[in-house]
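Have a look at the structure below before the remarks.
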Amino acid sequence: MQPSDYESLTPTQAIAYQHELRKLINITPLDKPIKVIAGADISFNKYSDIVYAGIVLFSYPDLKIIGQSTAISKTTFPYISGLLAFREVPALLDAWNKLSDKPDVLVLDGQGIAHKRRLGIATHFGLIAHTPTIGSAKSRLTGKYEEPGDEQFAQSPMYDKGELIGVALRSKKKCNPIYISPGNMVSMEQSVEIIKNCIRGYRIPEPTRQAHLLVNKIRIESGENNNMQFNLFD
DNA sequence: GCGACAG
DNA sequence: ATCTTGTCGC
């Protein structure tokens with residue numbers, strides 16, 4: 001199975017593939033010290049199948065931008081909750097392959113193992129790219145948790161079927177929490193610690209935040225949507 | 001059957 | 001995710 005084949009999968013086949021990948025998940029601690037971290041994200045125009053992917057590289061823990069890569073491609077796989085990876089991973093992998101140097105760990109915008117089949121986009125990407133990943137999501141997909149306190153870095157464990165699958169983290173006071181979970185090749189504790197070290201005054205961790213700014217920038221610059229003010233619909 | 005539902 | 005201005009709270 002190759003990411004380029006995802007578009008031909010039916011949702012049922014995609015789920016079957018997730019069950020296969022699940023057997024390969026490994027969230028033992030990363031022993032190598034982190035020197036380089038990266039954030040990845042996707043952007044696209046409403047009603048368009050053109051996907052803009054980007055990855056931003058940072059030194060760690062000082063978080064200075066040291067590189068980036070982008071990729072533009074089409075996706076035909078629709079957005080289906082629980083199957084996000086089949087829509088976004090192909091483009092992200094293109095950007096990943098263009099990267100001159102690979103990071104010690106990659107932060108994805110979405111869940112890691114905090115997924116019903118433990119296959120959020122961060123876990124999925126980590127498994128096929130054979131690289132350490134962390135999932136940092138803006139909203140919950142699966143799991144029960146108590147609302148964390150309002151102090152910065154207050155956190156609360158997320159459980160599913162009696163299993164610890166993630167942590168709801170108050171990255172900023174007066175803001176909704178973000179949901180952290182290991183993708184692959186990183187432990188739960190390390191994932192939370194690393195993300196905490198990446199908060200720079202905003203709710204969203206810097207790697208993801210910068211990747212988001214980058215992909216929106218290349219999307220706007222592409223001019224793909226320049227004639228939309230005259231669209232009869234919408 | 002009903003509610004939930006990453007981006 | 002994207003479309004979008006103002007506006008309420010700290």
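Data table
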| item | result |
| --- | --- |
| Chain A: calculated mean residue ellipticity at 222 nm from DSSP helix runs of at least 4, using -39500 (n - 2.57) | -8500 deg cm²/dmol |
| Whole-percent carbon and sulfur share, accessible surface of the stretch A:3-222, 1.4 Å | 53 percent |
| When each of A:LYS102/A:LYS174; A:LYS98/A:LYS174; A:LYS98/A:LYS144; A:LYS32/A:LYS98 is checked by Cα-Cα distance, pairs over 32 Å | A:LYS102/A:LYS174; A:LYS98/A:LYS174; A:LYS98/A:LYS144 |
| P(r), alpha carbons of the stretch A:43-135 - 5 Å bins starting at zero, rounded % | 3, 14, 23, 24, 19, 12, 4, 1 |
| Proximal aspartates and glutamates relative to A:LYS173, as straight alpha-carbon distance under 16 Å, when same-chain residues fewer than 8 apart are discounted | A:GLU147, A:ASP150, A:GLU151 |
| Average accessible surface area per residue within the stretch A:31-115, 1.4 Å rolling probe, Å² | 42 Å² |
| Square roots of five times the Cα gyration tensor eigenvalues for chain A, Å | 26, 21, 19 |
| A:LEU108 - accessible surface, heavy atoms, 1.4 Å probe, Å² rounded to 10 | 0 Å² |
| Sequence of A:SER48, A:SER4, A:SER222 from largest to smallest accessible area, 1.4 Å probe | A:SER4, A:SER222, A:SER48 |
| Alpha carbon centroid spacing (whole Å) that separates the stretch A:213-227 from the stretch A:82-107 | 20 Å |
| Probe 1.4 Å, all protein chains present, accessible-area order of A:PHE44, A:PHE86, largest first | A:PHE44, A:PHE86 |
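The values are calculated or read from the model by the stated rules, or taken from the named source; none is laboratory data. Only a predicted model underlies this, so the values are computations on that prediction, with no experimental measurement involved. Just so you know, the surface numbers come from the protein's heavy atoms only, side chains and all, with ligands and any DNA or RNA stripped out. Shrake-Rupley method; radii C 1.70, N 1.55, O 1.52, S 1.80 Å.
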